[in-house]
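Notes follow once the structure below has been shown.
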Amino acid sequence: MQPRVIDDPHELRSILRVGYQGRKVALVPTMGALHEGHLSLVAKAKELAEVVVVSVFVNPTQFAPGEDFESYPRDLEADLAALSKCGADLVFAPSVATMYPNYPGVDQVTINPGPTATILEGATRPTHFAGVAQVVAKLLHLVSPDLAVFGQKDAQQVSIVRQMVKDLAFPVDIVEAPIIRDADGLALSSRNMYLVGNERQDALALSRALQAGLGEMHSPLAMATAAFEILSVPGVQPDYAAVVTAASFDRLAVITKDSVEEFAVPDGPQDCYLLVAAKVGRARLIDNVKVVI
Ligand code: AMP
């Protein structure tokens, strides 16, 4: 059954209050152009809650000038067809004017997403996570879910959202769901649509880099070095390979084309992420894997 589409937040709240009163609500925030990765988040949400709201909103504030906000793929009809198969109850698809009444002017009150927003993705995209935090805060307020499901694919985003929810006392549980990949290892991404010709093949460098890093588990620096080497091939412009702790996104090793940084490794085994980012053609791609170090 096709989920009901709502663009008005007041209507959404009254539907949730009246029609679904007392039921456990999960939110799955997306920017649309849905693929199996997004649908896996919906399935996870369905397991954990009785009502699943999927938001579809291409958030202008998380794109910097010159990035792909205008060209980002948008196809609500196709998204609804995909969602009709996986148990989403409501789709919240607001306009930019609804989410940002001042747009193209900026909000006066904004969220500072903290120090994690300045490293890795945030070093390359300095305004990105402030935009993410701003829109996620608004979505959490408008939907008031019991829990929200985010993908490990954007591990740094999950870390920042968790910190925001903790520091600003949002009454919501943040759930992280695993990365869904194509059969050849490429992590699904709406931006994979930008890959043309050989670029689809070249993009496999990211998942191969993670595999190479996993072969060098003796130190975070060795892992990042091995991963960065695999990214350094024709057709791929590497941005970084890095190892960070999962609990607090503390850097253990970061390699870019200009620098090699190694940080103190905490005692005792702990969950970490090995992360890579690179441009292939016009697509900026990210991927990661969880490891215990
Ligand atoms: P986006 O539409 O790119 O903003 O992504 C919406 C949500 O889907 C985010 O929480 C992403 O981390 C998640 N997501 C994107 N790609 C994947 C994937 N391949 N597997 C699992 N989740 C994903």
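What the table below lists for this structure:
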item	result
Residue within the stretch 139-160 that is more than 27 Å from PRO238 (Cβ to Cβ), without any contact (Cβ under 8 Å) to a residue 60 or more places away in the chain, buried (at least 21 other Cβ atoms within 10 Å of the Cβ) and of a type outside the set (Ser, Thr, Tyr) present	no
Matching entry among GLY185, GLY197 (being surrounded by fewer than 18 Cβ atoms within 10 Å (Cβ to Cβ), in contact with a helix residue (DSSP H, G or I) (Cβ under 9 Å, 6 or more places away or on another chain) and not charged (D, E, K, R))	GLY185
Some residue of the stretch 220-239 being within 16 Å of the ligand (Cβ to nearest atom), in contact with a helix residue (DSSP H, G or I) (Cβ under 9 Å, 6 or more places away or on another chain) and modelled with pLDDT of 95 or more	no
Among residues of the stretch 221-269, those that are part of a helix (DSSP H, G or I) and surrounded by fewer than 17 Cβ atoms within 10 Å (Cβ to Cβ), counted	2
Candidates ILE174, ILE179, ILE160 - the one that is touching a helix residue (DSSP H, G or I) at 6+ places or on another chain (Cβ under 6 Å) and in a loop (DSSP other than H, G, I, E, B)	ILE179
Qualifying helices (runs of 4 or more DSSP H) (wholly inside the stretch 1-100; at least 2 residues being among the small types (Gly, Ala, Ser))	36-48, 76-83
Flag if VAL143 is within 29 Å of LYS46 (Cβ to Cβ), in contact with a Leu (Cβ under 8 Å, 6 or more places away or on another chain) and either more than 16 Å from the ligand (Cβ to nearest atom) or modelled with pLDDT of 95 or more (or both)	yes
The lone exception for LEU90 - which of (1) away from the ligand (no atom under 16 Å from the Cβ); (2) touching an Asp or Glu at 6+ places or on another chain (Cβ under 6 Å) it fails	(2)
Criterion violated by TYR103 - all others in (1) in contact with a Pro (Cβ under 8 Å, 6 or more places away or on another chain); (2) within 15 Å of the ligand (Cβ to nearest atom); (3) aromatic (Phe, Trp, Tyr) satisfied	(2)
Positions within the stretch 149-160 being more than 9 Å from the ligand (Cβ to nearest atom) and either in contact with a Leu (Cβ under 9 Å, 6 or more places away or on another chain) or on the phi > 0 side of the Ramachandran plot (or both), in sequence order	GLN156
Residue selected from the stretch 4-35 under the condition more than 16 Å from the ligand (Cβ to nearest atom) and either in contact with a helix residue (DSSP H, G or I) (Cβ under 6 Å, 6 or more places away or on another chain) or of a type in the set (S, T, N, Q) (or both), by the criterion nearest to GLN62 (Cα to Cα)	PRO9
Output for the stretch 47-89, where each listed residue is free of Cβ contacts under 8 Å to residues at least 40 places away in the same chain and either buried (at least 20 other Cβ atoms within 10 Å of the Cβ) or under 18 Å from HIS128 (Cβ atoms) (or both)	VAL51, VAL52, VAL56, VAL58, PRO65, GLY66, PHE69, GLU70, SER71
The stretch 226-247, residues that are more than 25 Å from PRO115 (Cβ to Cβ) and among the polar types (S, T, N, Q)	SER232, GLN237
The lone exception for LEU204 - which of (1) within 15 Å of the ligand (Cβ to nearest atom); (2) over 21 Å from the mean Cα position of the chain (by Cα) it fails	(2)
Sole residue being among the acidic types (Asp, Glu), over 30 Å from SER259 (Cα atoms) and away from the ligand (no atom under 15 Å from the Cβ), chosen from ASP167, ASP182	ASP167
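The values are calculated or read from the model by the stated rules, or taken from the named source; none is laboratory data. Note that the structure is a prediction, hence the values are computed from the model and not measured. Ideal geometry is used to build each Cβ from the backbone, glycine not excepted, and the neighbour counts take in all protein chains shown.
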